[in-house]
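Let me begin by presenting the structure, written as structure tokens, before commenting on it.
The values are calculated or read from the model by the stated rules, or taken from the named source; none is laboratory data. Remember, predicted model here, so these are calculated numbers, not experimental data. All Cβ positions, glycine included, derive from the backbone under ideal geometry; neighbour counts span all protein chains shown. We work out accessible area using only protein heavy atoms, side chains counted, and drop any ligands, DNA or RNA first. Shrake-Rupley method; radii C 1.70, N 1.55, O 1.52, S 1.80 Å.
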Amino acid sequence: MKVLILSQHFWPETFRINEVAESLIAAGCEVTVLTGQPNYPEGRVFDGYRAASLAAETHPSGYRIHRVPLCPRGAGGAKRLVANYLSFLASAAVLGPWSLRGRSFDVVFVYGTSPILQAIAGIVLKRVKRAKLVTWVQDLWPQSLEVTGFVRNPRLLGAVATVVRWIYRRNDLLLVQSHAFEPPVRAMAGATPVEYHPNPGELAFSAPAGDVPPALTLPEGFNVVFAGNFGTVQALDTVVEAAALLAQRAPDIRLVMVGSGGRGPWLEAEVARRGLDNVMLAGRFPPQAMPGILDQAAAVLVSLNRGEILSQTVPSKVQAYLAAGRPVIASLDGEGARVVEEAGAGIAVPAEDAAALAEGILRIHAMAPEARRALGESGRRYYEQHFAPEALAAKLAARFRQLATGSRGDRSFTDAQDKQST
């Protein structure tokens, strides 16, 4: 089974699709990747790469990565982001087939992060390579444009919806990362089948623990770890306000912020301005370091803004938190909260409610160690049943084979996933 992964972002950038590629190889697929020049999240091209380069390299694991030119994200701003997205789309659609000349594929697999427009290059490659096209929808468009405030004009949003509808209907299969994504995607997909395939957990949590010391040693006390992107939708205002409330009531509780992102400078300035000694800004670490860091946490925190589209999303860090076996505090609505509660892994409070978040942290803090341990163990069991990367990759590879051969086998991929989740 020859699989071409199309993703604007890939190794050495840190995205879940990196490990999905490894898992697909372990499941028996021959994987090739078409991507851009690495420049996320800092906005500058990584050392050893050039923005205008059309080149190929071999990943340390042995598979080939083809890279097309793009305009780096830069320090931010709408114009630079649009240039970044559209330059990759154009390069992947025009130069991608040339870079991949002489190569045949059974499936083109698009990792559909925002913007979903990159799937247009997948449509081109589908036709050139006469392969099946599968897009894994990670974000809802045009809804995500509206909720982030990136686009507000109703006519422009309507035009984007038309393009997304056109993209969806030229796929052979659409996968969605959340059950809540199924109705809105089906409404635009026409005859294209839509099936649930969750984001898997990180392979690092499946590896046996070694004797390597953690990349970050947390100070003594009750550490609540937030790990991941510092972006516009992570409700960092709510987290900071909750920290201020906790500083007055439980000074032994510390919020440890592990990560980076566009709102990182604001977060650093706000913590300093408010004199929040109970907030530790730890910096960014690779995925391989996260098990060792989360293992030291008394609890872990995930937060999102309030909004319909965000309530339909399960942040990928939820899987990492469940795998870590630590109590989860979820300051969000909808699907993410449902997963945490269904797993019996912690507590969920309404999004953007700083007082409720502070109370939730205090509730976990007041529990006996045995009760917190039970929450973590319940979350880990749920992870093994629903998000283990090896099992999900095996199912994905099997679905690719069914799609490429035109056979569904004895039962559908959706049926298998439904049985797994019951």
- line: Expressed as a percent, the accessible surface of region 139-277 that is carbon or sulfur, using a 1.4 Å probe and the full set of protein chains, is 54 percent
- prompt: Taking Cα atoms, how many degrees apart are the long axis of helix 389-405 and the longest axis of the chain, rounded to 10 and kept between 0 and 90?
  reply: 20 degrees
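Taking only protein heavy atoms into account and a 1.4 Å probe, give the accessible area per residue of the chain in Å².
Numbers: 17430 Å² over 422 residues.
It amounts to 41 Å² per residue over the chain.
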task: Run the 1.4 Å probe and let me know the accessible area of Glu202, rounded to the nearest 10 Å².
output: 20 Å²
- prompt: Quick one, which of (i) 12; (ii) 18; (iii) 25 is the actual percent of Cα pairs over 42 Å apart calculated for this model?
  reply: (i)
message: Given points 7 Å out from each Cα along the Cα-Cβ axis, report the Gln402 to Arg64 separation in nanometres with one decimal.
response: 3.0 nm
message: Check which residues have an amide H placed less than 5 Å from Glu195's amide H, if you skip close sequence neighbours.
response: Leu174, Leu175, Val176
- request: With everything on Cα atoms, drop me the angle between helix 16-26 and the longest principal axis of the chain, reported from 0 to 90° to the nearest 10.
  value: 60 degrees
query: Label points 7 Å out from Cα along the Cβ direction at Arg155 and Arg127: separation in nm?
result: 2.9 nm
message: Using the Karplus curve 6.51 cos²θ - 1.76 cosθ + 1.60 with θ = phi - 60°, what ³J(HN,Hα) values do you get for each residue of region 63-69, in whole Hz, with x for Gly and Pro?
response: 8, 8, 10, 9, 10, 10, x
query: Residues with amide H under 5 Å of Gly325's amide H, sequence separation 5 or more or different chain, H placed in the peptide plane at 1.01 Å from N; which?
result: Arg380
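Take the alpha carbon gyration tensor of region 143-203, find the square roots of its eigenvalues, order them as a ≥ b ≥ c, and report rounded if a/c is under 1.5; if not, report prolate when a/b exceeds b/c, else oblate.
oblate
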statement: Counting only DSSP beta bridges fully inside the chain, the antiparallel percentage to nearest 5 is 5 percent
field: From phi via Karplus (6.51, -1.76, 1.60), per-residue ³J(HN,Hα) for region 320-327 in Hz, x at Gly/Pro
entry: 5, 5, 4, 5, 5, x, 10, x
Between region 101-126 and region 153-178, the Cα center-to-center distance that results, in Å: 15 Å
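Considering Cα pairs under 8 angstrom that are at least six residues apart, work out the relative contact order of the chain and quote it in whole percent. Could you put the intermediate results ahead of the total?
Values: 801 pairs, mean separation 55.3, N = 422.
Once normalised by length, the contact order is 13 percent.
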- prompt: Is region 184-304 rounded, prolate or oblate when judged by the Cα gyration tensor, a ≥ b ≥ c being the square roots of its eigenvalues, rounded requiring a/c under 1.5 and prolate requiring a/b larger than b/c?
  reply: oblate
message: Let's see if you can work this out: charge +1 on each Lys and Arg Cβ, -1 on each Asp and Glu Cβ, no other charges. What is the dipole magnitude of the chain about its Cα centre, in debye to the nearest 20?
response: 1840 debye
- prompt: Any idea how far the Cα center of region 310-340 sits from the one of region 188-205, in Å?
  reply: 16 Å
Contact order relative to length of region 7-86, as percent, for alpha carbon pairs under 8 angstrom and 6 or more apart: 26 percent
field: Candidates Val300, Val328, Val163: whichever shows maximal mean-square fluctuation once the chain is modelled as a Gaussian network with Cα springs under 10 Å
entry: Val163
- prompt: Nearest 10 degrees, 0 to 90: what angle lies between the long axis of helix 78-94 and the longest principal axis of the chain (Cα atoms)?
  reply: 30 degrees
task: Provide the per-residue ³J(HN,Hα) series for region 123-133, in order, calculated from phi with Karplus coefficients 6.51, -1.76, 1.60 and θ = phi - 60°, each as a whole number of Hz, with x at glycine and proline positions.
output: 5, 4, 5, 4, 6, 5, 8, 6, 10, 7, 10
task: Could you tell me what percent of the DSSP beta bridges with both partners in region 1-90 are antiparallel, to the nearest 5?
output: 30 percent
- prompt: How much of Lys126 can a 1.4 Å solvent probe reach, expressed as accessible area in Å² and rounded to 10?
  reply: 50 Å²
- prompt: Ala374: net charge of surrounding residues, Cβ under 13 Å, Lys/Arg +1, Asp/Glu -1, itself excluded?
  reply: +3
